[in-house]
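Some notes on the structure that comes next.
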C-alpha cells in the first residue's frame, strides 16, 4: 500500500517527463542528425555528409549577414529596453500620481503579438505615407525617413519596434526590484548627505544587479528567437538585409528546400542560447541543496 | 479502543556513505495501551523523526514497529488508524472548521448525518461550536489548536500523535491548552505519543517520559523516576528548572560515614565506591546555612514570586539554591551551603552515567 | 523649492512623452483603420478620420485577401480560438499536475529531472521545427489544428510546470501530511486541498499561456496550411501580400482584430499578467 503511494506520483509525471524530454532533447538530437545529412526538400537519412552543412553555412554571406544583424539587434534591443525600462522604473518609483495607469500603458505592448507590433510599425515607418509624411505635414519639410526600405538601416527599425514592445517588461521587473529595497537604507543614505542621483548610482543600482542580470538574460533569449517581429516588419528584407538566424533557418528549411542546412543553422542557434542559459540554470539549481 | 505500540530496534539513517547521518541509533520503547508517552529532548535529538516513523510518514532504516500487535512497516499512514496534531496545526485553509474536523470521516465515506453528529460532539467537547462555519484564517492561534485537536479526536483512532502542538502558542495559552489536552486524554483514554522540547510540558502531561539525545534514548520512566533518579547527568540537567547542580570530586570514604572531597570543600555524606564521582543536587535540596563549612559568595538573587533562587559562586563553580521568598540575602554576601544527603544523585564523572 | 517643482515637472514630462511613445502606435492603428483610402493618401499618421468609417473593418473581417484566399480574417480568428482554448486548458492542467508532484511528492531524481526540463523554457524552438513536422506527418496531423494544439501543449509544458511547481513549494508539507493521515490519497489531496488554494497561479498561467499561444507565429506558419492558419499567420499574409493596391486601413483594422483578444485579457486581468511575467523571469 505504501509502495502505491510512492508509485503514483512517479507514474503521473512520467508522461510529462517522457514527452517533454522527447520534445526538448530528443528533437534536439534529431535536429542534429538532420544537420549532418544532405537533406534538401525532404529529410534524407541515407546521405551522411558529416559537417558539410556546417561548413556551407559558415561560407554563406547570408548567414554572416544574419549573424551580424543578430549582434546589432540584440545589443541595441537588450540595451535599449534595459535603459528605457530602468529609466521609467526609477521615475515611476518617485511616487507619481496615476502610476497604475502609466504602468498599464507602458506594459500593454507585451500583450500583443509581434506580428501585430510589426504590422503597426511597418505602417508607421512607411517611407512615403508614415513618419516622413507626418513630419512634413508638421513643418519639417526636409525630414527623410526611409529606413525601412534601405538595406543598411532597416535593422534599426526592427530595434525600435522591439524596444517598444519590451521596454515595459524591463520596467516591470525593475520596479518590482526597486520596491523590494528596504526604505531605511535610502533614509540612512539621505541622512549621510547623499543626493538622490548619488543614492541611485552608488546604492540602489548595485542592489539591483541580479535583476539587471536576469532581465538581460530573458531579453537576450527573446532576441535570439526573434522571428515573428522580423517577418512582420521586413520579412528579412530588403533582400536579406535584415535576415536573422531565426528567419534564415525558416527560409532555408521551408521555402528553399535546404533542410540539412536549416537544421545546421538551428543547431547554431541552440548552441548560442545554451551558452548563455545553461551556466545560469546550473548556478541557480546548484544553490539549492537537493531534497530527499 | 487504545492500542499498544512496540518500537523495537528502530534505526534511521539519512544520506549515504560519507555524509550519512544516523538520526536514530537504536530505539526500543513499549507503549502500553492508554498510556501518554512523552518524547522529549533538544532539537535534533530525533524525536520528530521517531514520531514520523510511527505515523508512517517516514520509513525506518532498520527495526520493527507494531501497533496493536500488527506490523505496520510499509503500511500507509491512512491505514494505521492514527491521528496527528501538528505544530503548525496544518488546517485545510479553504475549508470551514466543520469540514476540517470531518475531513477524515469524509475520506472514510462516513455518511453525512453520522459525520455531522460526530463533528457536533467533538465541537462540544472542545467548546468550538460557535466556530464551525469559519475558515482557519479567521481564527486565533488557540482556536486553531482546538480545531486541530478536534480533527484528530473526530477520528476516534487507536493512537494519537502530537508534534509539539503548543510551541506556537503564547505562555498563558500554553498552560490552558496543556490542561485541555490532559483532560481530553483522561476522557478518551486513547494511547498518545507526544513530542516536545519543553520539559515542563513533559513533566505535567506524561504518564511516562522518554528523554532523547542525539538519537539515543537516555532514560524512560515516570515523571518521578526521571526527576528524582535521573539515569545520567544529561537527564539530570535537562529536566528541572533551574537545572540540577553538578559538583565533580573524589569520594574518600565510602558508605555511611563517607566524605566527599571537591574543589573548595568537602561534604560528609554517604558516597559511592568510585575513584571519581559527580554529585548532583537539585536547588531545592540545598540550603543556605550561615555556619556551614562549604562557603561561597552570593552572585545573583532571582525572586520568582513563589520561590527565590540564589546563585552562589563557589570554587567548584556556581551553585543554585532554592530558598523561601522572604529570605534576607544580599548579593556579595559570603554564605555557607548545606546539603540534603537523602537526595544526593551520584554520577560517573567520565560517562555521566548514574552510579547506583 | 523651485528646483523641486522643476524636477517634478520634468518627471511628468518624461512620463507623458513615454506614454505618448507607447500609445502612439495604438492610436495610429485605430485611426488609420477608420479612414478610407483617400484620407490615408492625403492626410498623415496623426490625423483623425473625417468620419467613423468601418468599411475597412468589414473588409478585414470578411473579404480581405490572405494569400490565395479572400475570406478575411474571420476563419483564421476561429482557427485561433479552436487552437488556443484546448491548448491553454491542456497545458495548464498538465503543468499543474506536474508542478504538484515536483513540489509536494518529490522523489529521488525528481529535482534533477526538473532541472533538465527547465531548459525547455529557454530553448529556441527552431530546433524542434523539422523533427516536429516529421512527427506530425507520421501522426497524420500535419497542417491541422489538432497538430498545432499538440505542439503548443508540448512547447508550453516546461513553462507551466515551472509556474505551478514554484507556487506549490510554498505549501507546507505538514498540510499534505495531515491529509495523508486523514486518509486522503494523491488525487484527493490535489482535488480537495491543493487546487482550491491555486486560484492565483491558475489565473497567471491561463493568461500567460493564452497570450503566448494566441500570439504565436512560428508554429503557426510552420505547421499550418490554408485552412488551419491561426490569425497571426492570416494577418501577416494579409499585410505582406505584394498585391497592387495596398489597403493600409484594412491592414490596420486586421491588426487591431488580431490583437484585441489578448489586449482585452490584459486590460481586464492585467495584474495576473504582470505576476506571470515577473514569475517567469525570476527563478525561485
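What follows draws every value from the coordinates through simple rules; no lab data is involved. Everything quoted here is computed from the prediction, not taken from an experiment. Neighbour counts are summed over all protein chains in view; Cβ atoms, including those assigned to glycine, are modelled from backbone coordinates with ideal geometry.
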Helix B:112-126 versus the longest principal axis of chain B: what is the Cα-based angle in degrees, 0 to 90, to the nearest 10? 20
Would you work out the relative contact order for chain C, in percent, from Cα pairs under 8 angstrom that are 6 or more residues apart? 29
When the helices in chain C are scored as -39500 (n - 2.57) per DSSP H run of 4 or longer and the sum is shared across all residues, what 222 nm value do you end up with, to the nearest 500 deg cm²/dmol? -23500 deg cm²/dmol
D (µm²/s, integer) via Stokes-Einstein for the stretch C:2-53, Kirkwood Rh across alpha-carbon pairs, 10 °C, 1.306 mPa s: value 123
Measure off 7 Å from each Cα along the Cα-to-Cβ vector at residue C:55 and residue A:95, then give the distance between these two points in nanometres to one decimal. 5.5
Neighbour-count ranking for B:47, C:106, A:133 (other C-beta within 10 angstrom, fewest to most) reads C:106, A:133, B:47
What helix-only [θ] at 222 nm does chain A give? Using -39500 (n - 2.57) per DSSP H run of at least 4, over all residues, to the nearest 500, the answer is -21000 deg cm²/dmol
Crossing angle, helix C:199-215 versus chain C [Cα axis fit, 0-90 degrees, rounded to tens]: 40
Going by C-beta contacts inside 10 Å, put C:133, B:228 in order with the fewest on the left. B:228, C:133
Using Cα centres only, tell me the gap between the stretch B:256-292 and the stretch A:74-149 in whole Å. 89
So the angle from the long Cα axis of helix C:126-139 to the longest Cα principal axis of chain C, reported in degrees to the nearest 10, equals 80
Distance between the C-alpha centers of the stretch C:160-185 and the stretch C:188-247? Whole Å please. 30
Could you check how many percent of all C-alpha pairs in chain B are farther apart than 26 Å? 59
Using a/c under 1.5 as the rounded threshold, could you call chain C rounded, prolate or oblate? The axes a ≥ b ≥ c are square roots of the C-alpha gyration tensor eigenvalues, and prolate needs a/b larger than b/c, oblate otherwise. oblate
Enumerate the residues in the stretch B:149-176 having an amide nitrogen under 20 Å from the point lying 7 Å beyond the Cα of residue B:120 toward its Cβ. B:150-156
Here, residue C:5 and residue C:191, labelled 7 Å along Cα→Cβ, have an inter-label distance in nm of 6.8
Select from C:11, C:202, C:26 the residue whose mean-square fluctuation is largest in a Gaussian network model of chain C (Cα-Cα springs shorter than 10 Å). C:11
Relative contact order %, the stretch B:5-238, counting alpha carbon pairs below 8 Å whose residues are six or more apart: 28
Counting other beta carbons within 10 Å of each residue's own, what order do C:110, C:33, A:142, C:225 fall into, fewest first? A:142, C:225, C:110, C:33
Shape call, chain A: gyration tensor on alpha carbons, a/c limit 1.5: oblate
Report the residue, chosen from C:116, C:163, C:22, that carries the largest GNM mean-square fluctuation when chain C is represented by alpha-carbon nodes joined by springs under 10 Å. C:22
Here FRET efficiency (C-beta to C-beta, residue C:139 to residue A:196, R₀ 60 Å, nearest 0.05) is 0.45
Using only the alpha-carbon atoms, what does the stretch B:154-213 span along each of its principal axes? Please give whole angstrom values in decreasing order. 28, 28, 17
Rg/Rh (Cα only; Kirkwood hydrodynamic radius) as it applies to the stretch B:255-324: 1.00
Using only atoms on other chains, find how many Cβ atoms lie within 10 Å of each Cβ of peptide A:125-138 and report the average. 3
Diffusion coefficient in µm²/s returned for the protein assembly as shown by Stokes-Einstein, Kirkwood Rh over C-alpha pairs, 4 °C and 1.567 mPa s, is 38
Express in whole angstrom the spacing between the alpha-carbon centres of the stretch C:79-124 and the stretch B:295-323. 65
Tell me, what is the FRET efficiency for residue A:284 and residue C:107 to the nearest 0.05, using R0 = 25 angstrom and their Cβ-Cβ distance as r? 0.70
Test of understanding: in a Gaussian network model of chain B with alpha carbons linked when under 10 Å, which of B:152, B:210, B:344 would top the mean-square fluctuation ranking? B:344
Helix-only [θ] at 222 nm, chain B, -39500 (n - 2.57) per DSSP H run of 4+, per residue, nearest 500, equals -7500 deg cm²/dmol
Inter-label distance, nm, simple model (7 Å from Cα along the C-beta direction), residue B:350/residue A:44: 8.6
